[in-house]
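The values are calculated or read from the model by the stated rules, or taken from the named source; none is laboratory data. Only a predicted model underlies this, so the values are computations on that prediction, with no experimental measurement involved. Every residue, glycine as well, gets a Cβ built from its backbone with ideal geometry; the counts of neighbours run over all protein chains shown. To get the accessible areas, we keep the full protein, side chains included, count just its heavy atoms, and leave off ligands, DNA and RNA. Shrake-Rupley method; radii C 1.70, N 1.55, O 1.52, S 1.80 Å.
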There are 2 protein chains.
Amino acid sequence: MKIGFVGLGIMGRPMALNLKNGGHDLLVPERASLTAEIRAAATVLADATAVAAGSDVVILMVPDTGDVERALFGAGGVAAGLKNGSLVIDMSSISPVATKEFAKKINALGCDYVDAPVSGGEVGAKAASLTIMVGGPDAAFARAKPLFDLMGKNITHIGAENGTGQTCKVANQIIVALNIQAAAEALVFAARAGADPAKVREALMGGFASSRVLEVHAERMIKGTFNPGFRIRLHQKDLNLALTAARELGLSLPNTAIAQQMFTSVAAHGGADLDHSALVKAIEILGDFSLQDKT
Amino acid sequence: MKIGFVGLGIMGRPMALNLKNGGHDLLVPERASLTAEIRAAATVLADATAVAAGSDVVILMVPDTGDVERALFGAGGVAAGLKNGSLVIDMSSISPVATKEFAKKINALGCDYVDAPVSGGEVGAKAASLTIMVGGPDAAFARAKPLFDLMGKNITHIGAENGTGQTCKVANQIIVALNIQAAAEALVFAARAGADPAKVREALMGGFASSRVLEVHAERMIKGTFNPGFRIRLHQKDLNLALTAARELGLSLPNTAIAQQMFTSVAAHGGADLDHSALVKAIEILGDFSLQDKT
């Protein structure tokens, strides 16, 4: 199958190469930043319009809502080149609300649209073990499924409505942020009260407090090593999606709002590019006490 | 060994019976509420003073800080009967700060003290699979360890200072409450945005958002079945311990404080005796939207 791929960054590169290794032809738009490996694996065309014109499926993997909008509908964008009956798969993490609009516009061109954001990071992208959360009609999902199988493992069709994949990703980012804050408040409390946070984490791992965040992120907090991983800057973007959509929906998400403020505090202290487990620094700053003092 | 056991409620009964089945002699103070099974298994004495006088080890399993204080130092209490060299083990979940005082007073009588709160609930108590978090000197922990092995599985000596076991339990309750709120905010958001919360939970189970709470409590939220389990009333008590101690320690725990307010809201709507997963009702009330509308 001829697959156009727009957005060949840290995530997009290994995802595109896994499709190529699965036997598909890659078409990509010219960018100064294209790596030699991608240039060797793909046909490089002038712009996304030309890519769309030559492809059966176009996949997007770009940073934010505005980037998807420009890639689809901007000058030299995908929409201008799409053949009738093509499939657009947006694997970026963006606004569920904007996704519905984008899907409508693409549908109006006689094309299918699925939103399919991922989690699992660079490691999951390379290992083709991404979690993929998919929104879109059954038939469109069925078309995309063999491609998802080349890029991920835990693939869930959340709903037939576009945007439900993005909604699921936002829910994921809410839980991860709040589980990080849970671990941060608990460990700072324990250390300040005179207990060894490493022992506390160890004791809690088997019980109801156990989580992937307690396993992975709490260990980073205890060691004080915050090289990313997933940057605070990006998690701020995702919580902004959550809080903006929640406001539109008339929902109040008090702990999500607080977690966003904690990220803002860490960013204010120069930590926007640290791993998101560095949220613990905001709790430390509030209490004028460092977890490292204890461990 | 002769073991005095004070507090033979839902948790204390199976714990005491597991000690009896392990070959120890049980001594308990007379209470109208003693079950026939406990009366058959134990020697019933007039009060806790008599129990302490006849025992090598005295175990407490009562609801709150004030109950421990009365059981130890009130009229007919443990302290008045303790033999020099006895060991007191408090397995209740109470204030880490008060625990330090209680331990000092017991030590002054020539006795050892360990604080050893548990998690795992009635199920864990019956199956002798409790998680036990222990604070106290190495020698006292070594004395208590064979008894813990008859009641639990995941036994961690948190620190040599009394109170560190209680501190660990408080940390556990902080994480469980905040992970519950994380799941609640994420699922209500997802459902309100038009996604099926059961599908969302399923998609998130394999990734960084996964936790025991997402497994167990989120399922209760989706089904809307809130029979306890662990009651909101008791989790309120535990978060009160956290917030009171945090204030004394000069720590700010913003999401713990919010979670406590959410529990208070559910209690205000008549839910104090529901399972703590019913915290989701507070998020539903705030947004005037029910998870059940969607599922």
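Across the stretch B:174-194, a minimum of one residue is classified as outside any helix (DSSP H, G or I) and of a type in the set (A, V, I, L, M, F, W, C). Of all residues in the stretch B:30-50, those satisfying the criterion of being in contact (Cβ under 8 Å) with a residue 24 or more places away in the chain and either under 20 Å from B:A80 (Cβ atoms) or crowded, with 17+ Cβ neighbours inside 10 Å (or both) are B:I38, B:A41, B:A42, B:A46, B:D47, B:A48, B:T49, B:A50. A Cβ distance below 8 Å, combined with a sequence gap of six or more or placement on separate chains, defines the contacts here; from the stretch A:200-217, residues that are assigned to a helix (DSSP H, G or I) reach residues that are among the charged types (D, E, K, R) in the pairs A:R201/A:E219; A:L214/A:R201; A:H217/A:D275.
Does A:P197 meet the test of being more than 11 Å from chain B (Cβ to nearest Cβ) and not charged (D, E, K, R)? So A:P197 fails the test.
A quick yes/no check of all residues on (1) modelled with pLDDT of 95 or more; (2) within 11 Å of chain A (Cβ to nearest Cβ):
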| residue | (1), (2) |
| --- | --- |
| B:G206 | no, yes |
| B:I222 | yes, no |
| B:P228 | no, no |
| B:I232 | yes, no |
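Scanning the stretch B:244-280 for residues that are at the interface with chain A (Cβ under 8 Å from one of its Cβ atoms), under 10 Å from B:Q181 (Cβ atoms) and surrounded by 19 or more Cβ atoms within 10 Å (Cβ to Cβ) yields B:N255, B:T256, B:A259, B:M262. Within the stretch B:244-295, the only residue that satisfies the criterion of being part of a loop (DSSP other than H, G, I, E, B) and of a type in the set (V, I, T) is B:T295. Within the stretch A:90-113, the set of residues being under 16 Å from A:E161 (Cβ atoms) and either basic (K, R) or not in a helix (DSSP H, G or I) (or both) comprises A:D90, A:I94, A:S95, A:K100, A:K104, A:K105, A:D112, A:Y113.
For A:A71, state whether it is open to solvent by 10 Å² or more (accessible area, probe 1.4 Å) and in contact (Cβ under 8 Å) with a residue 24 or more places away in the chain. Here the answer is yes, as A:A71 does meet what is asked.
Inside the stretch B:135-161, residues that are more than 9 Å from chain A (Cβ to nearest Cβ) and under 20 Å from B:D56 (Cα atoms) make up a count of 16. When A:A75, A:A171, A:A142 are checked against the criterion of being outside any helix (DSSP H, G or I) and either under 15 Å from the mean Cα position of the chain (by Cα) or of a type outside the set (S, T, Y) (or both), a single residue qualifies: A:A75.
Exactly one residue out of A:I180, A:I158 is more than 30 Å from B:E161 (Cβ to Cβ) and under 18 Å from the mean Cα position of the chain (by Cα): that is A:I158. Inspect the stretch B:123-131 for any residue being touching a residue at least 60 places away in the same chain (Cβ under 8 Å), more than 14 Å from chain A (Cβ to nearest Cβ) and over 23 Å from A:A193 (Cα atoms) and give the result as yes or no. Checking the stretch B:123-131: at least one residue is touching a residue at least 60 places away in the same chain (Cβ under 8 Å), more than 14 Å from chain A (Cβ to nearest Cβ) and over 23 Å from A:A193 (Cα atoms). For the structure I just gave you, tell me whether B:A186 is at the interface with another protein chain (Cβ under 9 Å from one of its Cβ atoms), within 15 Å of A:F208 (Cα to Cα) and surrounded by 17 or more Cβ atoms within 10 Å (Cβ to Cβ). No; evaluated as a whole, the condition is false for this residue. In this structure, is B:Q236 of a type outside the set (G, A, S), within 30 Å of B:T65 (Cβ to Cβ) and more than 7 Å from chain A (Cβ to nearest Cβ)? When the stated conditions are applied, B:Q236 passes them. Quick one: would you say B:V114 is without any contact (Cβ under 8 Å) to a residue 24 or more places away in the chain and among the aliphatic types (A, V, I, L, M)? So B:V114 does not fit the description; no.
There is at least one residue in the stretch A:51-62 that is assigned to a helix (DSSP H, G or I), β-branched (V, I, T) and open to solvent by less than 40 Å² (accessible area, probe 1.4 Å).
Table: residues versus (1) in the same structural domain as B:I94 (by TED's automatic domain parsing); (2) polar (S, T, N, Q); (3) modelled with pLDDT of 95 or more.
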position	(1), (2), (3)
B:A140	yes, no, yes
B:R143	yes, no, yes
B:L147	yes, no, yes
B:L150	yes, no, yes
B:H157	yes, no, yes
B:A171	no, no, yes
B:I175	no, no, yes
B:Q181	no, yes, yes
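Being under 30 Å from A:L239 (Cβ atoms), without any contact (Cβ under 8 Å) to a residue 12 or more places away in the chain and not acidic (D, E) is a description that does not apply to A:G23.
Only one residue in A:A160, A:A191 is crowded, with 22+ Cβ neighbours inside 10 Å, farther than 26 Å from A:I10 by Cβ and not hydroxyl-bearing (S, T, Y), so which one is that? When all the criteria are applied, what remains is A:A191.
A:V213 passes every criterion in (1) modelled with pLDDT under 95; (2) within 13 Å of chain B (Cβ to nearest Cβ) apart from (1).
From (1) buried (at least 17 other Cβ atoms within 10 Å of the Cβ); (2) within 15 Å of A:P137 (Cα to Cα), pick out the condition that doesn't hold for A:K104. Exception for A:K104: condition (1). Within the stretch A:119-148, the only residue that satisfies the criterion of being under 24 Å from A:E69 (Cβ atoms), open to solvent by 10 Å² or more (accessible area, probe 1.4 Å) and of a type in the set (A, V, I, L, M, F, W, C) is A:F141.
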